[in-house]
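The values are calculated or read from the model by the stated rules, or taken from the named source; none is laboratory data. These numbers come from a predicted model, not from an experiment. Reconstructed Cβ throughout: ideal geometry from the backbone, glycine too, with neighbour counts over all protein chains shown. The protein model used for the area step is the full one, side chains on, heavy atoms only, and it has no ligands, DNA or RNA in it. Shrake-Rupley method; radii C 1.70, N 1.55, O 1.52, S 1.80 Å.
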Amino acid sequence: MSYRKFTRPISTNWTTRGWLNWAMEEGLLLDVRTDIPEGVCAGCYGGTDTGYQTSIPMPDESGFPTHQTVVGRWPRCYPCNNFDGLDGFVPISYSIHDRLESVIWRAKNDNAHRWLNVPLACILHTFLDRHLECIEYRWGPVDIITVVPSHAAAREGWDHMKDLISRFRTWPGNGLWEPHLLEKVDLSNANTRRDRPHANLFQLMPDKGAIEGQRVLLLDDTFTTGGTLRSAGLAVKAAGGQPIAVTIGRQVRNDQYGAHIVADATNRAPLFDPRRCAIH
C-alpha cells in the first residue's frame, strides 16, 4: 500500500491560517475526542481492543446462581499497556493512512515532499498557541520544550522535527525552547525498538545543564506504538525530568483496534476544529 501524494499549492506565501485551511480542505485532520460510545484508550485516545469475555456467577430470576458471559473492554489499547516513559500525552489529530499519516511519511522520507513540513509546522504552531495552557492546566507549568530528534546518520543527517520547527521564527512558550536537549544514540533493531520503550535509545546532550524536577514537553510528529516517544521520555526521566508529550498525529488503523474511531471521525463534520483538544 503506497502513501498518498500531494500537489504543492502554487502560492508560496500563505499565512498559517491559509495552510491550516488547506490541510482541512484536503481532509487531513480529524478531531481527537474521548466520548465515542465504543470507548477510546485512556492513554493515547487512539483505539481500544475488541473486548474480552468472561463467565461470572450471577443469580437468575429465582435467585439461583448461574454463569453469564460478560463482555468488557480493557482500559488501554495494546500499545499503551506499558505506558512507561511519559507522564502525559496529547495528540492533535488522528492520523489515518490516506490522510495525515501520508503527509507525515512523505515529509520525512520523500525529498520532493519536504515542503509538507510547512503545513505540519502550522498545525503544531496553531495547537500550541491555543492549547499550551490546557497542557499546563492538566500537568503543571512547562519548563522546557524540545523535540524528539533523529539520529545524525538517518536520512543523511536531515532531522525532520528540527526542520519542522525551523519553519517559524517564534513559537508559543517563548524562552522555554531547547531543541537540542536530547540526542539519539542507538540505531540497532529499529522495528523492535518501536514496540516498547528503551532506556538507552536517547540521552541528554552532554553540554546541557541539569533538568532535575523540570517538566519537559516533548514534541514529535506521530504516535503509533509510542515506543520511540516513550524512549525519549525515559531519557528525560533518567535525568530527573518530568516528561509529557504532544504529537501532530495519533496513528489509528482501520482494523479491530481502531475501526470504530476511524468511522466516527470521518463521519463527523467539520472534521477538525483547532479550538478543541483532547484535554480541553
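Brief remarks follow.
- Those residues of the stretch 156-185 which are within 25 Å of I279 (Cα to Cα) and exposed (fewer than 13 other Cβ atoms within 10 Å of the Cβ), in sequence order: T170, N174, G175
- Cβ pairs under 6 Å, 6+ apart, first in the stretch 204-219 and closer than 19 Å to V185 by Cα, second open to solvent by 50 Å² or more (accessible area, probe 1.4 Å) and assigned to a loop (DSSP other than H, G, I, E, B): M205/H180
- Among residues of the stretch 243-257 that are part of a loop (DSSP other than H, G, I, E, B), those with a beta-carbon under 9 Å from a residue that is among the aromatic types (F, W, Y) and modelled with pLDDT under 95 at least six positions away or on a different chain give the pairs V252/Y94; Y257/Y78.
- Considering the stretch 1-22, the residues that are among the hydroxyl-bearing types (S, T, Y) and within 15 Å of I104 (Cβ to Cβ) include one that is surrounded by the most Cβ atoms within 10 Å (Cβ to Cβ), namely Y3.
- If only residues of the stretch 77-135 that are acidic (D, E) and touching a strand residue (DSSP E or B) at 6+ places or on another chain (Cβ under 9 Å) are counted, the one that is modelled with the lowest pLDDT is D87.
- Sub-7 Å Cβ pairs linking a first residue in the stretch 158-172 that is outside any helix (DSSP H, G or I) to a second residue that is of a type in the set (F, W, Y), at least 6 apart or interchain, are W171/W177, ordered by first then second residue.
- Which listed residue is closer than 25 Å to C122 by Cβ and either open to solvent by 10 Å² or more (accessible area, probe 1.4 Å) or not hydrophobic (A, V, I, L, M, F, W, C) (or both), from R253, R268, R230: R268
- Matching entry among A153, A121 (being of a type in the set (A, V, I, L, M, F, W, C) and open to solvent by less than 20 Å² (accessible area, probe 1.4 Å)): A121
- Criterion: at pLDDT below 95, part of a loop (DSSP other than H, G, I, E, B), under 25 Å from Q214 (Cβ atoms) and under 16 Å from the mean Cα position of the chain (by Cα) - qualifying residue of P149, P179: P149
- The number of residues in the stretch 98-112 that are in contact (Cβ under 8 Å) with a residue 12 or more places away in the chain, open to solvent by 20 Å² or more (accessible area, probe 1.4 Å) and assigned to a helix (DSSP H, G or I) comes to 4.
- Residue among Q214, Q203, Q242 that is in contact with a strand residue (DSSP E or B) (Cβ under 9 Å, 6 or more places away or on another chain) and surrounded by 19 or more Cβ atoms within 10 Å (Cβ to Cβ): Q242
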